[in-house]
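To start, the structure itself, in structure tokens.
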Amino acid sequence: EGGKVRGFKSVLQIAHEAWTKQRKQIEELADKNAERTRRALAGLALGTALAPLDRNLVQAAVDAVKASFDPEYGGFGSPAREFRGPKFPTPPRLALLQHEAQRHKAKELDDMVARTLDHMARGGIYDQLGGGFHRYSTERTWTVPHFEKMLYDNAQLCEIYAEAYQTRENPQYRRVLEQTLAFIAREMTAPEGGFYSALDADAQGEEGRFYVWTKKEIDAALTDADKSRTALFQRVYGLEGEPNFESRYHILTLPRPLAEQAQALKWTEEQLDARLAPLRHTLFEARAKRPRPFLDTKILTAWNGQMIAGLAVAGRVLNDKQSIDRAVRAADFVLKTMRTDKGRLLRTYGAAPGQKAEARLNAYLDDYAFFVHGLLCLHDATKEKRWLDEAKRLTDLMVQLFGDEKRGGFFYTSHDHEALFARGKEQYDGAQPSSNSMAARNLVRLWQKTGQERYAQLAEQTFQALVGPLKEEPGSLTALADALALYLDDKAAKQK
């Protein structure tokens, strides 16, 4: 008004006048926009033309990931921005490269995964004292993280590191796995057997204060330790130089690989680690006395499914019965506590203020998809039929509740959820696979395990429903491409 921004009162008056005088046109426009939104959410925005389900789609996703790969420090980013942070682990991308490397003996892809895992394991994104991974790195080298720890990140990275250890038998990967599994058992496991959701980044009002050290704090904590061993520890973990966080704090990292430092000392990697372990424990005990970050004690079915998978895969690879037992206990907890009398999953378990803990809210697609993934990994690890039976039962229920009979794929909300403006379908893979990508992978795995063609048909319908987005943005649907590769390879093998 008069060259100035309109006030809220004026905007309301204009809206009222338009609604009074042009109501029919506004309603018609609203209907058109609603239909456009519904089509977009249903996965039709990027074209509905059927495309062949072939390896070209998988290769396009691999090529997109390769194009974003940081050749120096691993991980993914923008070459145009010189791979500046933030830099996320993005396990779905690593899984695609890792699985394609295994399927086709592709050394280039295997090396990309190894470079990423090596630098992450040495960086500040990994908690060198307590195990477990922080949310992401704020810069290129994985040194300075955002200090939040998420259950689903650690769950997926347990799978990735376990599979990498199975291929390479790198002692560093085993250490990372064992320390991360110990962190989950110690800090993220509820007495009931399920897993908590997250640890906050802040403590004492500061980002990362629980995890970082001043030089004075390090010297005080290690004052009783052998001086030569203390000097070795500080050299190995990069504590001799200038602070690497906010100009006053040290984040423990491994500037050089442990194996390389051991070789220079004429020790084995295991011998060097054994000398460092007591000092790590001393610092860990000193850190444990600090005010702790806030722990989000929600137990979510979806994230618990991912952690069950991580434990089962790691336990199988490491021949670690304790990890498998923890996965079994968590799966039993979900099945007994987070399921209705009619067999439907519930979303979350926890206590509201002043109330006792209980499970509530109808589960969403990701709860079914990720929990079934965990059950299938448990079946791999134990060979117990009950896990496969539960996976089949819940998958069949998922198809009934979430399936799109007309276009294929799955809606995020069930058919009898609270009515929404539009029912969407998760398409894109980011920090974790989309629920449709995971559902598709589960269907392929059930086809492999049972030989029942209906699972193959449902998987193909899901791929076909999302082939438009996969073709248009292959680098954003890497978990779907990985599942498609599994399907195509198995289909080709069966036709021979």
Name the residues of the stretch 434-467 whose amide N is less than 15 Å from a point 7 angstrom out from the Cα of residue 495 along the C-beta direction?
-> 457, 460
Each label point is 7 Å from the Cα along the Cα-to-Cβ direction; what then is the distance between the points at residue 228 and residue 285, in nm?
-> 2.3 nm
Once residue 357 and residue 82 are pulled to full extension, the length gained, defined as 0.36 nm per residue separation minus their Cα-Cα distance, is 94.2 nm
Short version: ³J(HN,Hα) in whole Hz for each residue of the stretch 432-447, in order, from phi by Karplus 6.51 cos²θ - 1.76 cosθ + 1.60 (θ = phi - 60°), x for Gly and Pro, what are they?
-> 9, x, 5, 5, 5, 4, 5, 4, 4, 4, 4, 5, 5, 5, 5, 4
If each K or R counts +1 and each D or E counts -1, the residues other than residue 102 whose Cβ falls under 10 Å of its Cβ total -1
Linear extension gain, residue 235 paired with residue 59, 0.36 nm per residue minus alpha-carbon span | 59.0 nm
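Once every DSSP H run of n ≥ 4 in the chain is given -39500 (n - 2.57) and the sum is divided by its residues, what mean residue ellipticity at 222 nm do you get, rounded to the nearest 500 deg cm²/dmol?
One gets -18500 deg cm²/dmol as the mean residue ellipticity at 222 nm.
Report, in debye and to the nearest 20, how large the dipole of the chain comes out about its Cα centre when Lys and Arg carry +1 and Asp and Glu carry -1 on their Cβ.
Working: 72 positive and 68 negative charges, 116 e Å.
Around 560 debye, computed over the chain.
Mind sorting 245, 411, 284 by how few other Cβ atoms lie within 10 Å of their own Cβ, fewest first? Intermediate results must be reported in sequence, preceding the final value.
Working: 245 19, 411 24, 284 15.
If I rank by nearby Cβ atoms, fewest first, I get 284, 245, 411.
When Lys and Arg each count +1 and Asp and Glu each count -1, what net charge do the other residues less than 11 Å away from residue 58, Cβ to Cβ, add up to?
Computed value for this residue: -3.
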So, with points 7 Å from each Cα along the Cβ direction, the residue 256-residue 36 label distance in nm works out to 6.1 nm
Each label sits 7 Å from Cα toward the beta-carbon; between residue 393 and residue 12 the label points are separated, in nm, by 5.5 nm
GluC sites (Glu not before Pro), restricted to the stretch 389-496: which are DSSP loop and have at most 15 other Cβ atoms within 10 Å?
-> 405, 418
FRET efficiency for residue 295 and residue 103, Cβ-Cβ distance as r, R0 = 41 Å, nearest 0.05?
-> 0.55
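With the Cα gyration tensor of the stretch 354-496 giving a ≥ b ≥ c as the square roots of its eigenvalues, does the rule (a/c under 1.5 for rounded; else a/b larger than b/c for prolate; else oblate) give rounded, prolate or oblate? Spell out each step's value before the answer.
Details: a/c = 1.73, a/b = 1.16, b/c = 1.49.
In terms of gyration-tensor shape, oblate.
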Which of the aspartates and glutamates could be linked to residue 383 by a straight reach, that is with a Cα gap under 20 Å, when you skip same-chain ones fewer than 8 residues away?
-> 159, 163, 320, 325, 332
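Under a Cβ-only charge scheme (Lys and Arg +1, Asp and Glu -1), can you give me the dipole magnitude of the stretch 395-468 about the Cα centre, in debye to the nearest 20?
On the way: 8 positive and 9 negative charges, 38 e Å.
Rounded to the nearest 20 debye, it is 180 debye.
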Filter on 149/406; 215/298; 105/491; 298/385 - keep pairs with C-alpha separation over 28 Å | 149/406; 215/298; 298/385
Summing Lys, Arg as +1 and Asp, Glu as -1, what charge do residues with Cβ under 14 Å from the Cβ of residue 474 carry, residue 474 excluded?
-> -3
What residues of the stretch 168-209 lie in the reach of a label at residue 246, counting those whose backbone N is under 19 Å from a point 7 Å from the Cα along Cα→Cβ?
-> 199-209
For the stretch 182-194, Karplus-derived ³J(HN,Hα) couplings (6.51, -1.76, 1.60; θ = phi - 60°; whole Hz; x for glycine and proline) come out as 5, 4, 4, 5, 7, 10, 10, 9, 7, x, 6, x, x
Order by neighbour count: 303, 387, 19, fewest other Cβ atoms within 10 Å first, most last.
-> 19, 387, 303
What aspartates and glutamates could a cross-link reach from residue 266, if we take a straight Cα to Cα line under 18 Å and drop same-chain neighbours fewer than 8 places away?
-> none
When 437, 228 are arranged by how many other beta-carbons sit within 10 Å of their Cβ, fewest first, they go 228, 437
Using only the Cα atoms of the stretch 430-496, build the gyration tensor, take square roots of its eigenvalues as a ≥ b ≥ c, and label the shape rounded, prolate or oblate: rounded if a/c is under 1.5, else prolate if a/b is larger than b/c, else oblate.
-> prolate
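Taken together, the values in this text are just the output of simple stated rules run on the coordinates, not laboratory data. All figures in this text were calculated on a predicted structure; none of them were measured in a lab. So basically every Cβ, Gly included, is an ideal-geometry build from the backbone, and we count neighbours across all protein chains shown.
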